[in-house]
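Trainee: Structure below; questions to follow.
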Ligand code: BGC
């Protein structure tokens, strides 16, 4: 990688070799741009064009590029024809970029953008379907272009460390390998459409509590094994064009000022060639930020000033305006920032402007969004994401021919709760609520009755009184008692699970446990559906409940997707990308969350999620990787070729998987590596491969994985590198982290 980087830097900085003379020369009036200039020549490489353009820029112009001009746009430079990079929030669809949301509070009227609402990140992760995530990235990028924007702020690849993080729904769950593969797929989908993604939030944005001030103490091994792999893969495998730094501090330093993160790790270790943007309002200094390798401060211009001037914005810890051109120029002139540094940062932004094609082919608004093809990707994603967690006596799938009445109950039944709250929440043209989806699918022959059962906590105060609760619950139990089947849709909503706040408790909102218990008592044929992004406590009712489905926040199509699963039009194939613990006190970071005096110690280290539950023998409610199907799968013939590992020679792992049931379905085969001989403590196993395979009844398919040395390695704090200890590993394949079906030894010889 470093070899690839060297020529780029050499070309890019040929002009910058004499960095200080350039700075002096820049105080003179900018020259008129001649008719032919290499940077306008689309035949030349982005690196050459960036270097040429850089050599024609004044210091003031360069400094101008280092901060935004607007809430969601970088600065254009008209003299040179440099376009603004026009951004929009994602990652779960395209969100209005006007900035007049609850976050910005800007006075301008909000610009309405109605685009496709895709399932939340955790739901996409539950599909374990790289190709689908790539298609999602592609569909979102097409909408970005159709709306005349250039950059989507996603994917979110932060790891689910605690079940209470308000933004767990945005990320891809608890496992770094799964997050890495899906992040790569999303980026490939976006960049393949010449749209700029932004992998966020670098690094370790794992709680919203005091997100601007919290200081996370994380050791190097934990960073490398858990909190960096998805970013590393984004850079090394997908060549991600931009990364967004996080709000929080890591080991005492704000991420936007961390030379260790932005320069030593990102630029040097991963050989990142793109640019880093700050998270919105996460900068606190000029020279330290620029010198750390933070290239673009966002937001900028008047919206930034208006926002920072509002009461509360800075009080909660937002900072900004530090990379405004005058401040940067002053620091350069004072000798606190070198010309070479400015050229590096600006050169990175310019390179992406050329590489993405937005210099030569600007995106213009007016295209179509929410096309049938895009909605179909959202529908397939929502369907594949649904996880069937319990299905006693094969209560599901429902047979519409045999059912006369269904009671659909719950605060999440009649309202489409498409996503969690904050910057990722998309406003779709339409959204299908579970009740709508079930009604449509059930058809005229089935009576579908609805009862609220309990109000969503805090949403309608009149529904939160004890009298109202008693009445609503009674109505629900009666509806359930008179129906053949009851479907209770419970969960949270965008004001409880959201950016800016953590969730206060792992328990479902007030009254929902009681509602489930009352409905299950009234009707033994009850299906509980969870509409959540975070794990929730189920201990009160799980034993008594015959069927349980996790539908996540599934975007605009979720209600129809749910109905297709309940009625068996689609066979559930989602698998948990996160362990569902029994109780909050069982979780690995319990006791080391929120922190003391704004410091939070990641004392559990690498032991998060199944790495903790499986190693320390703590039984979760449902394990990582788990999900039921309406059919069954048999695994056979596990084979390793060659039978031994040495050097960097890849090992092929193959097996056969058969659909031994009577319905078509998909299985996610998971590969874990167990290292029982390492010199340092390691989790009992770690995910190192997965394949989603679709099989007709009776069909068998061969499944292949390739293992490399990295799959056997851990991060050695001593060697400051990845190390695989010679000896015998165990290669495991299974249907969840706790359902290992087959294993074989693999000896690493040298
Ligand atoms: C969020 C980012 C988002 C940005 C712009 C921040 O508050 O953390 O994820 O992209 O705002 O809206």
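The values are calculated or read from the model by the stated rules, or taken from the named source; none is laboratory data. Keep in mind that this is a model prediction, so the values were computed, not measured. With ideal geometry, Cβ positions are generated from the backbone for all residues, glycine too; neighbour counts draw on all protein chains shown.
Trainee: In the stretch 394-417, is there at least one residue being within 16 Å of the ligand (Cβ to nearest atom) and under 35 Å from the mean Cα position of the chain (by Cα)?
Mentor: The answer is no, given that none of the residues of the stretch 394-417 is within 16 Å of the ligand (Cβ to nearest atom) and under 35 Å from the mean Cα position of the chain (by Cα).
Trainee: Moving on. Within the stretch 132-141, is even one residue assigned to a loop (DSSP other than H, G, I, E, B), farther than 18 Å from residue 234 by Cβ and modelled with pLDDT of 95 or more?
Mentor: Here is the first cut: in the stretch 132-141, the residues assigned to a loop (DSSP other than H, G, I, E, B) are none.
Looking for residues that are assigned to a loop (DSSP other than H, G, I, E, B), farther than 18 Å from residue 234 by Cβ and modelled with pLDDT of 95 or more, one finds none in the stretch 132-141, hence no.
Trainee: Only residues that are in a loop (DSSP other than H, G, I, E, B) and either surrounded by fewer than 24 Cβ atoms within 10 Å (Cβ to Cβ) or within 12 Å of the ligand (Cβ to nearest atom) (or both): list them for the stretch 174-206, please.
Mentor: 192, 193, 194, 198, 205
Trainee: Which condition from (1) closer than 17 Å to residue 276 by Cα; (2) in contact with a helix residue (DSSP H, G or I) (Cβ under 8 Å, 6 or more places away or on another chain) is the one that residue 84 breaks?
Mentor: Of everything listed in (1) closer than 17 Å to residue 276 by Cα; (2) in contact with a helix residue (DSSP H, G or I) (Cβ under 8 Å, 6 or more places away or on another chain), residue 84 misses just condition (2).
Trainee: Would you check if there is a residue in the stretch 33-40 being modelled with pLDDT of 80 or more and within 38 Å of the chain's Cα centre (by Cα)?
Mentor: Scanning the stretch 33-40, I find at least one residue that is modelled with pLDDT of 80 or more and within 38 Å of the chain's Cα centre (by Cα), so the answer is yes.
Trainee: In this structure, is residue 614 within 20 Å of residue 225 (Cα to Cα) and buried (at least 16 other Cβ atoms within 10 Å of the Cβ)? Spell out the reasoning first.
Mentor: On the way: within 20 Å of residue 225 (Cα to Cα): yes; buried (at least 16 other Cβ atoms within 10 Å of the Cβ): yes.
The answer is yes for residue 614.
Trainee: Quickly run through the stretch 614-640 and pick out the residues that are on the phi < 0 side of the Ramachandran plot and more than 28 Å from the chain's Cα centre (by Cα).
Mentor: Those that are on the phi < 0 side of the Ramachandran plot and more than 28 Å from the chain's Cα centre (by Cα): 630, 631, 632, 633, 634, 635, 636, 638, 639, 640.
Trainee: Counting only residues that are away from the ligand (no atom under 16 Å from the Cβ) and in a strand (DSSP E or B), which one in the stretch 477-501 is farthest from residue 400 (Cα to Cα)?
Mentor: Of everything passing the filter in the stretch 477-501, 491 is farthest from residue 400 (Cα to Cα).
Trainee: Kindly indicate the residue of the stretch 271-306 that is within 16 Å of the ligand (Cβ to nearest atom), modelled with pLDDT under 95 and surrounded by fewer than 22 Cβ atoms within 10 Å (Cβ to Cβ) and also farthest from residue 323 (Cα to Cα) among those meeting that condition.
Mentor: The selected residue is 306.
Trainee: Kindly provide the set of residues from the stretch 284-306 that are part of a loop (DSSP other than H, G, I, E, B), in contact with a strand residue (DSSP E or B) (Cβ under 8 Å, 6 or more places away or on another chain) and without any contact (Cβ under 8 Å) to a residue 60 or more places away in the chain, ordered by number.
Mentor: Scanning the stretch 284-306 gives 284, 293, 294.
Trainee: Note down all Cβ pairs under 6 Å where the first residue falls in the stretch 45-56 and is modelled with pLDDT under 95, the second is surrounded by fewer than 24 Cβ atoms within 10 Å (Cβ to Cβ) and in a helix (DSSP H, G or I), and they're at least six residues apart or on different chains.
Mentor: The qualifying pairs do not exist here.
Trainee: What about residue 328, is it under 21 Å from residue 187 (Cα atoms) and surrounded by 15 or more Cβ atoms within 10 Å (Cβ to Cβ)?
Mentor: no
Trainee: Run down 516, 542, 565 and say which single residue is buried (at least 24 other Cβ atoms within 10 Å of the Cβ) and in contact (Cβ under 8 Å) with a residue 60 or more places away in the chain.
Mentor: Just one listed residue meets the conditions, 565.
Trainee: Still on this structure: Go through the stretch 142-159 and give me each residue that's within 16 Å of the ligand (Cβ to nearest atom) and either touching a helix residue (DSSP H, G or I) at 6+ places or on another chain (Cβ under 6 Å) or part of a loop (DSSP other than H, G, I, E, B) (or both).
Mentor: 149, 150, 152, 154, 155, 156, 157, 158, 159, listed by residue number.
Trainee: Taking the stretch 254-269 on its own, how many of its residues are farther than 18 Å from residue 158 by Cα and either in contact with a helix residue (DSSP H, G or I) (Cβ under 9 Å, 6 or more places away or on another chain) or crowded, with 24+ Cβ neighbours inside 10 Å (or both)? Steps first, please.
Mentor: Quick first cut of the stretch 254-269, residues farther than 18 Å from residue 158 by Cα only: 257, 259-260, 263-264, 267-269.
Applying the additional criterion that residues be either in contact with a helix residue (DSSP H, G or I) (Cβ under 9 Å, 6 or more places away or on another chain) or crowded, with 24+ Cβ neighbours inside 10 Å (or both) yields 257, 259-260, 263, 267-269.
Qualifying residue count, the stretch 254-269: 7.
Trainee: Let me confirm something: among 449, 390, 471, which residue is in contact (Cβ under 8 Å) with a residue 24 or more places away in the chain and more than 30 Å from residue 735 (Cβ to Cβ)?
Mentor: Just one listed residue meets the conditions, 449.
Trainee: Sticking with this one: Is there a residue in the stretch 307-321 that is part of a helix (DSSP H, G or I) and within 16 Å of the ligand (Cβ to nearest atom)?
Mentor: yes
Trainee: Right, another one. Given the structure, is residue 384 over 25 Å from residue 252 (Cβ atoms), assigned to a loop (DSSP other than H, G, I, E, B) and more than 16 Å from the ligand (Cβ to nearest atom)?
Mentor: no
Trainee: Tell me, yes or no, whether the stretch 369-376 has at least one residue that is within 18 Å of residue 256 (Cα to Cα), in a helix (DSSP H, G or I), modelled with pLDDT of 95 or more and more than 16 Å from the ligand (Cβ to nearest atom). Steps first, answer last, please.
Mentor: Pass one, the stretch 369-376, residues within 18 Å of residue 256 (Cα to Cα): none.
Within the stretch 369-376, not a single residue is within 18 Å of residue 256 (Cα to Cα), in a helix (DSSP H, G or I), modelled with pLDDT of 95 or more and more than 16 Å from the ligand (Cβ to nearest atom).
Trainee: On to the next question. In the stretch 708-721, how many residues are touching a residue at least 40 places away in the same chain (Cβ under 8 Å) and under 25 Å from the mean Cα position of the chain (by Cα)?
Mentor: Residues meeting the conditions: 2.
Trainee: Taking only the stretch 222-270 into account, find how many residues are within 16 Å of the ligand (Cβ to nearest atom), within 17 Å of residue 606 (Cβ to Cβ) and in a helix (DSSP H, G or I).
Mentor: Count: 2.
Trainee: Among the residues of the stretch 509-531, how many are touching a helix residue (DSSP H, G or I) at 6+ places or on another chain (Cβ under 8 Å), at negative phi and outside any strand (DSSP E or B)? Spell out the reasoning first.
Mentor: The first filter runs over the stretch 509-531 and keeps only residues touching a helix residue (DSSP H, G or I) at 6+ places or on another chain (Cβ under 8 Å), leaving 510-511, 514-515, 518-519, 521-523, 526-529, 531.
With the extra rule that they be at negative phi, the set shrinks to 510, 514-515, 518-519, 521-523, 526-529, 531.
Applying the additional criterion that residues be outside any strand (DSSP E or B) yields 510, 514-515, 518-519, 521-523.
Looking only at that region, the number is 8.
Trainee: Going residue by residue through the stretch 641-661, is there one that turns out to be without any contact (Cβ under 8 Å) to a residue 24 or more places away in the chain, part of a strand (DSSP E or B) and either surrounded by fewer than 21 Cβ atoms within 10 Å (Cβ to Cβ) or at negative phi (or both)?
Mentor: yes
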